[in-house]
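*Asks:* Shown below is the structure under consideration.
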Ligand code: SF4
Ligand code: ZN
Ligand code: ZN
């Protein structure tokens, strides 16, 4: 059997074989190819313009560490300014490690780092909410609360620091799952919002961008390890949006024999999206852009989702 060498430089120490394009790459060429791909996506999709202040959601997981490392290249070239925020939801045994790794990563790269906890912001942890929730007949899923509060914190920090973009570490696996999930559920309203730039319902929200959208999850993990960063791979104990997991398993299983499948899901969707969006928008007028009477955030109802949840939780917890 002939020994495989790096397709780019001939180095004998190959660390990855990309079945979807036949490349064999050494560590150096692999890392460069990831950086090149992400920077190309940023340019092609016009995700960042010179002078942007980018706020990265840094959980300490592999995706956000990879994202921060690559965006740091643009910071070092003085194209953008960069800050990071870590949200501590208060999930015992899970988030502590993420916060530590996030802090170390930001320090190592010299990036200003904010940590905001649910406890400080709302006066309860996610664990406390769920303790109460599990006493109910039909408990809400943790991600329902978590998602709404996290979104509010991101938006508030972005406003406070004057960020012009919020960058998140969604990867190719996440995106192909979201696309397929919404197809199968027939959720066109959600589907047309999936994109490189998340189109917020209200322009008072800072635009969100996803520069890692074309990179498979496995390669992000490898990039972070090869770059010498510590990453925690543990999943959140509340994770278990079972339908998303089923779709994820289906895609992974099919990718074994069809290595380009995640790319075709993404690229095919991007091609038909403008047509679906145009048609959908003609039949569905947008919701009015109001303001939450309680907190002043943009909202489609009198009271925003976060304030509605807060009322609900305070009532249950009795604090
Ligand atoms: Fe929050 Fe759900 Fe993510 Fe856990 S899996 S951090 S509960 S959104
Ligand atoms: Zn090489
Ligand atoms: Zn509100």
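The values are calculated or read from the model by the stated rules, or taken from the named source; none is laboratory data. For clarity, every value in this text was computed on a predicted model and none was experimentally measured. Here the Cβ is made from the backbone with ideal geometry for all residues, glycine too, and neighbour counts use every protein chain on show.
*Asks:* Of 184, 231, which residue is outside any loop (DSSP other than H, G, I, E, B) and either in contact (Cβ under 8 Å) with a residue 40 or more places away in the chain or crowded, with 18+ Cβ neighbours inside 10 Å (or both)?
*Replies:* None of the others qualify; the one that does is 184.
*Asks:* A further question on this structure: Restricting attention to region 244-262, does a residue exist that is in a helix (DSSP H, G or I), modelled with pLDDT under 85 and either in contact with a helix residue (DSSP H, G or I) (Cβ under 6 Å, 6 or more places away or on another chain) or crowded, with 18+ Cβ neighbours inside 10 Å (or both)?
*Replies:* The answer is no, given that none of the residues of region 244-262 is in a helix (DSSP H, G or I), modelled with pLDDT under 85 and either in contact with a helix residue (DSSP H, G or I) (Cβ under 6 Å, 6 or more places away or on another chain) or crowded, with 18+ Cβ neighbours inside 10 Å (or both).
*Asks:* Please work out which residue is farthest from ligand 1 (Cβ to nearest atom), limiting yourself to region 13-39 and to residues that are touching a strand residue (DSSP E or B) at 6+ places or on another chain (Cβ under 8 Å) and part of a loop (DSSP other than H, G, I, E, B).
*Replies:* 13
*Asks:* Just to verify a result, which residue in region 93-134, among those that are without any contact (Cβ under 8 Å) to a residue 60 or more places away in the chain and part of a loop (DSSP other than H, G, I, E, B), is farthest from the chain's Cα centre (by Cα)?
*Replies:* If we take residues in region 93-134 being without any contact (Cβ under 8 Å) to a residue 60 or more places away in the chain and part of a loop (DSSP other than H, G, I, E, B), then 134 is farthest from the chain's Cα centre (by Cα).
*Asks:* Can I ask one more? Are any residues in region 219-228 within 16 Å of ligand 2 (Cβ to nearest atom) and part of a loop (DSSP other than H, G, I, E, B), and if so, which ones?
*Replies:* The one that is within 16 Å of ligand 2 (Cβ to nearest atom) and part of a loop (DSSP other than H, G, I, E, B): 227.
*Asks:* Suppose we keep only residues that are over 23 Å from residue 48 (Cα atoms) and under 17 Å from the mean Cα position of the chain (by Cα) within region 71-92. Which one would you say is farthest from ligand 3 (Cβ to nearest atom)?
*Replies:* Per the stated criteria, the residue is 88.
*Asks:* Take residue 162 and decide whether it is in contact with a strand residue (DSSP E or B) (Cβ under 7 Å, 6 or more places away or on another chain) and in contact (Cβ under 8 Å) with a residue 12 or more places away in the chain.
*Replies:* Taking the combined requirement at face value, the residue satisfies it.
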